[in-house]
Structures are given as structure tokens and as C-alpha cells.
Amino acid sequence: MFTYEKIKSLNDLEILIYNFIISNAEMASRMTIREMAAKLHVSSTTILRFCSKMECEGYSEFKYRLKEYLKDSKKQEFTDDYTIIQDFFKKVEHSEFDREIQKAAEIICSKEKVFFVGLGTSGTLGKYGARYLSNLGKNALYLDDPFYPTDNGKYDDSAVVALSVSGEQRFLHRQIDGFKRGKATIISITNTRQCTLANVSDFNIAYYMPMTVLPGQYNVTSQVPVIYILETLAHRVQRLNTKT
């Protein structure tokens, strides 16, 4: 239901609606438009605009399609959808996305220290990104402790690469706040730009994959785009370092 193009077209309030629905699909499928508007503190008009961007003529059609989607999900096991990944790599060909990675590489290359931070799966990828970048000649460290104090240092010659699918983890934001007060340059890699982490960052790369949340609130949104971004970023940094 939620393709790359549809998600990217959403504004901040519509992303709020999208995140609620994808994480509470069963509940959302039973709610009236007024109930959802009250729950999310948005107007009914905003919800109708969201439905329109999902290519539905109104809220009733959206609810019907959501219920059908849930029925199909229960009938089928969780399967690989390669079309989603293929769609992402088609977007990679766009020069705008390429320029974003290049700009992030230039920032990293200009800094003496590089830190990677993230929680959960994003933390695992942050550790991978730090090691991969180090393998290519730019020393980088991964902070695996979400409570590690970052508010007592000077980071004016540091770049912090923060990874998060939702961009809303409060423990991660505590770390980022400390880095920012120490004058670090924050580069975030998130699923959308309509999130808190992207808003507080100096630079953001968003990959816009349809979010997949399994029962129990387990987020299994594909991280293939993040691997691509991290490796390409490291290659660009190495190339820049070679030229200098």
C-alpha cells in the first residue's frame, strides 16, 4: 500500500498519520476518521489529504484497502519483496541522491574524528559503518552505549553519523544533544526527512522505504538501502582522501 513515491510525498503531519497506521494497523482499521483525528491531534482534512496521497477517494476506501491488506498479511507468511529494493535502486540513479551522499562524504573527510551512533538494528549497522570506513583509511568509532555521556566534550572537529529508521528514539536524541552542544556536525541517515532526528541534524540522507512492523512492534523495515549508503559513503571518503 505504501510505495516509495507515496511516502516521499507526505508532509510532517501526514508522516505522523502514516507511522501511527503502520504501527497500529488493526486499531486504525476500526477507527472512524474523527477518532483518528482526535488520537493524533490532526484535522479530518489532513487525514483525507493523506488518503488522497494513498490514491484513495476517501477515508472509507482507505479503511477498506487497509482491512484487505491485513487479511492478505494474515494469509501469507512474511516474504521477500524484491520490487521494493529494486525501486530503491532506481531512485539511487537520480543525481540528487548521489549528491547527498557526496556532500556527506565531504563533511566526514573534513573532520578529524568520526563517531557512529544508533540503537537496535540501526546500532548494529552503525558498528558496521564505523568498521567499514576504518577499513578504507578513515578512522571511525562506534558508541554502543546509549547512556555514554556526550555533553562534556568539544566536538567542533568531529562528525557524528546517527542512524535511525524512525528518527524518534529519545535515548539517541540525548546523545545527539550532547554532541550538538559540543559543536559536532551531525549527519543522520533515516527512513524519512519528516522526523525529529532529521530536523535536528546538520545534514540528512533519507531512503524512504515502506515501513514493516511485525506483531510485538518489531520493526523489520529493509535496511539494504542503509548498507548501500554506508558503503558508498566510505568509498567516497576514501576517494576524497586519495586526492588530498
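The values are calculated or read from the model by the stated rules, or taken from the named source; none is laboratory data. Computed from a prediction, not measured in an experiment: that's the story for all the values here. Virtual Cβ from ideal backbone geometry, glycine too; neighbours counted across all protein chains shown. The protein model used for the area step is the full one, side chains on, heavy atoms only, and it has no ligands, DNA or RNA in it. Shrake-Rupley method; radii C 1.70, N 1.55, O 1.52, S 1.80 Å.
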Please tell me if TYR82 is at pLDDT below 95, of a type in the set (Phe, Trp, Tyr), open to solvent by 90 Å² or more (accessible area, probe 1.4 Å) and within 21 Å of ILE22 (Cβ to Cβ).
yes
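Kindly indicate which of TYR128, TYR132, TYR148 is in a helix (DSSP H, G or I), out of contact with any Lys or Arg (no Cβ under 8 Å at 6 or more places or on another chain) and open to solvent by 60 Å² or more (accessible area, probe 1.4 Å).
Working: TYR132 fails: open to solvent by 60 Å² or more (accessible area, probe 1.4 Å); TYR148 fails: in a helix (DSSP H, G or I).
So the residue among TYR128, TYR132, TYR148 that is in a helix (DSSP H, G or I), out of contact with any Lys or Arg (no Cβ under 8 Å at 6 or more places or on another chain) and open to solvent by 60 Å² or more (accessible area, probe 1.4 Å) is TYR128.
Within the stretch 26-43, track down each residue that is closer than 18 Å to ASN219 by Cβ and buried (at least 18 other Cβ atoms within 10 Å of the Cβ).
Taking the stretch 26-43 first, the residues closer than 18 Å to ASN219 by Cβ are 26-28.
Residue satisfying the conditions is ALA28 alone.
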Count of the stretch 177-199 residues which are open to solvent by 10 Å² or more (accessible area, probe 1.4 Å), over 16 Å from SER158 (Cα atoms) and out of contact with any strand residue (DSSP E or B) (no Cβ under 7 Å at 6 or more places or on another chain):
3
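Can you find a residue that is open to solvent by 20 Å² or more (accessible area, probe 1.4 Å), assigned to a loop (DSSP other than H, G, I, E, B) and within 16 Å of ALA130 (Cβ to Cβ) anywhere in the stretch 216-226?
Pass one, the stretch 216-226, residues open to solvent by 20 Å² or more (accessible area, probe 1.4 Å): 216-220, 222-224.
With the extra rule that they be assigned to a loop (DSSP other than H, G, I, E, B), the set shrinks to 216-217, 220, 222-223.
When the remaining residues are screened for being within 16 Å of ALA130 (Cβ to Cβ), the result is 223.
Yes, the conditions are met somewhere in the stretch 216-226.
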Inside the stretch 135-145, the number of residues satisfying the requirement of being out of contact with any Lys or Arg (no Cβ under 9 Å at 6 or more places or on another chain) and exposed (fewer than 13 other Cβ atoms within 10 Å of the Cβ) is 3
Going through LEU172, LEU230, LEU197, LEU240 one at a time, which residue ends up being under 22 Å from LEU10 (Cβ atoms) and not acidic (Asp, Glu)?
LEU197
For SER60, which of the numbered conditions (1) open to solvent by 70 Å² or more (accessible area, probe 1.4 Å); (2) without any contact (Cβ under 8 Å) to a residue 40 or more places away in the chain; (3) outside any helix (DSSP H, G or I) fails to hold?
(3)
Take the residues in the stretch 91-116 that are outside any helix (DSSP H, G or I), in contact with a strand residue (DSSP E or B) (Cβ under 6 Å, 6 or more places away or on another chain) and not aromatic (Phe, Trp, Tyr), then tell me which one is surrounded by the fewest Cβ atoms within 10 Å (Cβ to Cβ).
LYS113
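Would you pick out the residues in the stretch 171-193 that are more than 16 Å from ILE108 (Cα to Cα) and within 9 Å of the chain's Cα centre (by Cα)?
Listed by number, the residues that qualify are THR190, ASN191, THR192, ARG193.
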